[in-house]
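Enquirer: A single structure is presented below for examination.
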Amino acid sequence: MSDGTEIVGYDVPAVEAWISQNTEGLEPPFQWIRLEGGHSNLTYALTDLKGNRAVVRRPPMGELLPKAHDMGREFAIISGLGATDVPVPTAYGYCESPEVTGAHFYVMSLVAGQALFELEDAVEYLSRDARARVGLSFIDVLAALHSVDPDDVGLGNLGKKEDYVGRQIRTWYRSWLASAEGAAYDDPDLHELHDFLDARRPEQGPARVVHGDYGLHNCLINQSGELTAVLDWEISTLGDPMADFAYALNTWAEPEDELVNKENSPTLAEGFVGRDQLVDRYASHTGCDLTHLPYYVSFNHFKSACIIHGVYARYMQGQKSTEGVDLDYYRSRIGMCITLSKQAADELD
């Protein structure tokens, strides 16, 4: 049964039978309620007649890129991290056969908490004192993740361990070059940043699991301001933890920032700690040398510019509908990312 809406992407009797046979503590039939977010993956909360709750998650409908929406990868990560200090949902079961419902899917525990997407979310959900605790918990969890040796938790083969930043620079610079004509937009500063970042790349330390999109939008938070779970691990891999940390800092907007695409960030609400406190907290927990932190901040802004540039090109070429889309706004976001990347790079000189 459901909340009255169509259950998309699932053969409900077949999935419920699989869950009954392959997990413990869940007894169909379930109430199905669609959960929004999660990179378009089809995610539902399940509640059985005894009130036991879980989440089922599968890729979106339609043809997918070969490595996109890898549910097995997500399941492996939350399984591996389950015994660590990183809060993740409990992994209940993974179905790798598409014969059950047309795609692979997995089942995990439903964790209490709320993700923060906009300023209003923080104001309505959290007290001022709780907001002050969010940043500390946010960084404590990231430090815990970066303290885990992936080989110790069965994740040593999650990806290549060497030259994470170098591979990312090459990938996203190729994207920029491929999109420049279609976007009708190029910028010599982007090319200078590429050369600078490529030449000044710090030596990478031990590889760690990097989330790849660690921000409050991918974390569940209770009303005391503590993280209860980190979600959406599908683009996670092994790499340089400093790049992951700098990405998290770049998501953390402050009121005095020049803001493009962060004008309504939850961290702008009164009470949130600033980035300097996050940096100090991370350093105290990990003992990392933060000498090269500006480099990683610059790298992440460079990467964001290339990603947004590729999306902008698809709009400009008519590959995506522009209805309701402010193309000038997209263009300004690209320019702002380049500017912020240059500013961070200048701190190294």
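Enquirer: Could you check Tyr330 against (1) in a helix (DSSP H, G or I); (2) farther than 20 Å from Asn250 by Cα; (3) among the hydroxyl-bearing types (Ser, Thr, Tyr) and say which number it fails?
Expert: With respect to (1) in a helix (DSSP H, G or I); (2) farther than 20 Å from Asn250 by Cα; (3) among the hydroxyl-bearing types (Ser, Thr, Tyr), Tyr330 is out only on (2).
Enquirer: Quickly run through the stretch 232-278 and pick out the residues that are in contact with a Cys (Cβ under 9 Å, 6 or more places away or on another chain), closer than 23 Å to Phe75 by Cα and modelled with pLDDT under 95.
Expert: Matches in the stretch 232-278: none.
Enquirer: Does Gly239 satisfy being buried (at least 18 other Cβ atoms within 10 Å of the Cβ), over 30 Å from Asp149 (Cα atoms) and of a type outside the set (A, V, I, L, M, F, W, C)?
Expert: no
Enquirer: Among what's in the stretch 89-133 and is aliphatic (A, V, I, L, M) and closer than 22 Å to Val15 by Cβ, pick the residue that is farthest from the chain's Cα centre (by Cα).
Expert: Val100
Enquirer: Taking into account only those residues within the stretch 8-47 that are over 28 Å from Leu216 (Cα atoms) and in contact with a Pro (Cβ under 8 Å, 6 or more places away or on another chain), which is surrounded by the most Cβ atoms within 10 Å (Cβ to Cβ)?
Expert: Ile19
Enquirer: Further, regarding this structure: For a quick check of your reading of the model, give me the residue pairs whose first member lies in the stretch 202-218 and is free of Cβ contacts under 8 Å to residues at least 40 places away in the same chain, whose second is of a type in the set (Gly, Ala, Ser), with beta-carbon atoms closer than 6 Å and at least 6 apart or on different chains.
Expert: So the pair list comes out as Gly212/Ser236.
Enquirer: Next question. Out of the residues in the stretch 183-226 meeting the condition of being over 14 Å from Ala115 (Cβ atoms) and touching a Gly at 6+ places or on another chain (Cβ under 7 Å), tell me which one is surrounded by the fewest Cβ atoms within 10 Å (Cβ to Cβ).
Expert: The selected residue is Arg201.
Enquirer: Within the stretch 332-349, can you find the residues that are surrounded by 18 or more Cβ atoms within 10 Å (Cβ to Cβ) and charged (D, E, K, R)?
Expert: Across the stretch 332-349, the qualifying residue is only Arg333.
Enquirer: Return the pair list, or none, for Cβ contacts closer than 6 Å from residues in the stretch 180-197 that are under 12 Å from Ala305 (Cα atoms) and in contact (Cβ under 8 Å) with a residue 40 or more places away in the chain to residues that are surrounded by 17 or more Cβ atoms within 10 Å (Cβ to Cβ) and of a type in the set (S, T, N, Q), at least 6 apart or on different chains.
Expert: Partner pairs satisfying both residue conditions: Leu193/Ser341.
Enquirer: A further question follows. Take the residues in the stretch 175-186 that are in contact with a helix residue (DSSP H, G or I) (Cβ under 6 Å, 6 or more places away or on another chain) and not small (Gly, Ala, Ser); name whichever of them is nearest to Ala143 (Cα to Cα).
Expert: Ranking the qualifying residues of the stretch 175-186, first place goes to Trp176.
Enquirer: Can you tell me how many residues in the stretch 207-226 are more than 8 Å from the chain's Cα centre (by Cα) and either farther than 23 Å from Met71 by Cβ or not in a strand (DSSP E or B) (or both)?
Expert: 8
Enquirer: Now for a different question. Looking at (1) surrounded by 21 or more Cβ atoms within 10 Å (Cβ to Cβ); (2) part of a loop (DSSP other than H, G, I, E, B), find the lone condition where Gly324 falls short.
Expert: Going through the list (1) surrounded by 21 or more Cβ atoms within 10 Å (Cβ to Cβ); (2) part of a loop (DSSP other than H, G, I, E, B), Gly324 breaks only (1).
The values are calculated or read from the model by the stated rules, or taken from the named source; none is laboratory data. Quick caveat: nothing in here was measured; it's all calculated off a predicted structure. Virtual Cβ from ideal backbone geometry, glycine too; neighbours counted across all protein chains shown.
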